[in-house]
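Each value in this text was obtained by applying a stated rule to the coordinates, not by laboratory testing. These numbers come from a predicted model, not from an experiment. Cβ sites come from the backbone with ideal geometry, for glycine too, and all protein chains shown count toward neighbours.
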Amino acid sequence: MPVITLTINDELVSARSGQSILEACRDHDIQLPTLCYLDGLSARGGCRLCLVDVAGSPRLLPACTTEALENMVVTTHNEKIDRYRRMILELTFAERNHTCAVCVSNENCELQSLAAELGMDHVRYDYLNPELNLDTSHERYGVDHNRCLLCLRCVRVCDEVEGAHTWDVMGRGVESRVITDLNRPWGDSESCTDCGKCVEVCPTGALFDKGSSVAEMKKEASFLRRILDGREKRQWQR
Amino acid sequence: MSEQQKKIRLATVWLGGCSGCHMSFLDLDERLIDLLEQVELVYGPLVDAKEFPQDVDICLVEGAVTNVENLELARTIRNNSKQVISFGDCAVTGNVTSMRNRIPVKDLLTAVYHEAQAPIGAESLKVLPALLKKALPLHQAVKVDIYLPGCPPAPERIATVVTALLNKQPVELQPEMRTFG
């Protein structure tokens, strides 16, 4: 595969042709915050946290869905980008009811730790406090829309890896919700295989094992790379 | 100037919260002794002052602004204090206190004071301060200088913030010390 050269944060780096800016960054240990991206799933550019500055572009671009190109000049961190990332987190917190203190994923949440990491110490916008429900009709798992940030990892893992496509999205914009089958209770879903991949890849407490209390829900998404390597490269290792 | 006047004037306030942040403040344990050598505690649940005093240097405010009394006190705190600290998640985000925000106030009061089986009934509504439409984080009511998150903030976080303030240094919490929850 041809190799290209680009500049990231004033350093010349090489990348494989066809890689995204995010993949090129990660190969060179350049840290970028992400929420919707997950290694093994298709890139979506939904959460906007991986926004980077690309010289010549009038706007910031999501690193996960922008292809790294020869001679590109990329800046991953500066005062403006950091400020935008904090604003994105603030809007995410304002949009639903993320009450960390009483969440099953307290202390094990990607949203919570990103807020701390990026220095988002308060939310300047009005909280929307939407009325959202909880579906615990499935025998083993529950979905709490109060904690969902619409990263759609559940939708992608269910479709792309499990092949069931139980999850999808209804509504638009702020009214969007993840749904099972055609917005039927999860427990009544005929397509769900009960595999639990969606729960493990969910970055917050939106999907959880039933019976988990505050701070008890710990997730492990590393299974994804393992099974995909087995499937695609015939390399089976733990 | 007497020794007493030179001390930094510290106030703590309990608005719409559970007092857990104050419990965590007490968990400073022996560090409280050192602290009280440097500060005069002029107001709060731990002292007997009835009115929020003038010329407060540092004020730690626990809890969300959830009723008119909280709002009035928050404004007095802001007017009379040099530095206002949102102390704990309820003050910073609204947290558990704001979980009532999606319920109309009238329905909330009916459910709690008219319909629930409780020793305190509807008669108390005449004397209780009116609830705001929504429980607000402190910074949506008054300007806040420093945010100290946590439910409750661990004593180490409180010590870090208070020590920096007493030494007139910028408050910088490390990422692991600024998580919500």
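Under the simplified labelling scheme, the A:SER191-A:LYS218 pair shows an inter-label distance of 3.3 nm, with each label point 7 Å from Cα along Cα→Cβ.
Annotation: lysines with alpha-carbon distance below 21 angstrom to A:LYS219 (same-chain offsets under eight excluded): A:LYS197, A:LYS210. Rounded to the nearest 5, the antiparallel percentage of DSSP beta bridges internal to chain A is 90%. Of all lysines in the structure, the ones whose alpha carbon falls short of 23 Å from that of B:LYS82, not counting any fewer than 8 places away in one chain, are B:LYS6, B:LYS7, B:LYS50, B:LYS143, B:LYS168. Near the amide H of B:PHE52, within less than 5 Å, lie no amide hydrogens of residues on another chain or at least 5 residues away, with H placed in the peptide plane. From least to most packed, judged by other beta carbons within 10 angstrom and beginning with the fewest, A:CYS36, A:CYS109 follow the order A:CYS36, A:CYS109. If you plug the beta carbon distance of A:ASN71 and A:LEU91 into 1/(1 + (r/R0)^6) with R0 = 30 Å, you get a FRET efficiency near 0.35. Each 10 Å bin from zero holds the following percent of Cα-Cα pairs in the protein assembly as shown: 4, 18, 25, 23, 17, 9, 3, 0, 0.
Taking only alpha carbon atoms, chain A gives an Rg to Rh ratio of 0.98, where Rh is the Kirkwood radius. Per-residue Karplus couplings for segment B:64-70, computed as 6.51 cos²θ - 1.76 cosθ + 1.60 with θ equal to phi - 60°, are listed in order as 7, 8, 10, 9, 5, 5, 4 Hz, Gly and Pro entered as x. Note down the Stokes-Einstein diffusion coefficient of segment B:90-170 in µm²/s, whole number, using a Kirkwood radius over alpha carbon pairs, 10 °C, and 1.306 mPa s. Value of D from the Cα-based Kirkwood radius: 102 µm²/s. The order of B:VAL61, A:VAL214, B:VAL42, B:VAL92, going from fewest to most other C-beta atoms within 10 Å of their C-beta, is A:VAL214, B:VAL42, B:VAL92, B:VAL61. Amide H contacts of A:VAL169: A:ILE179, each under 5 Å away and 5 or more positions distant or on a separate chain (H built 1.01 Å from N in the peptide plane; Pro and chain starts excluded). Using a cut-off of 16 Å between alpha-carbon atoms, which aspartates and glutamates can reach B:LYS126, once sequence neighbours fewer than 8 places away in the same chain are excluded? The reachable aspartates and glutamates, counting only those whose Cα sits under 16 Å from B:LYS126, are B:GLU69. Per the Kirkwood formula applied to alpha carbons, chain B shows a radius of gyration over Rh ratio, Rg over Rh, of 1.00.
The average projected area of segment B:49-117, computed from the convex hull of its Cα atoms over all directions, is 6.0 nm².
For the pair segment B:144-181 and segment B:80-117, the centres of their Cα atoms are 23 angstrom apart. Between segment B:9-24 and segment A:79-118, the alpha-carbon centres lie 25 Å apart. Computed on the Cα atoms alone, the convex hull of segment A:1-109 gives a volume of 122 cubic angstrom per residue.
Summarising the amide proton neighbourhood of B:TYR43: residues at separation of 5 or more, or on other chains, whose placed amide H is nearer than 5 Å comprise B:THR12. Compared with the dominant principal axis of the Cα atoms in chain A, helix A:79-95 is inclined by about 10°. Going by neighbour counts of Cβ atoms within 10 Å, the residues A:SER189, B:SER81, A:SER42 line up, fewest first, as A:SER42, A:SER189, B:SER81. Working note: 222 nm ellipticity from helices only, DSSP H runs with n ≥ 4, each -39,500 (n - 2.57), summed and divided by the residues of the protein assembly as shown, gives -7000 deg cm²/dmol to the nearest 500.
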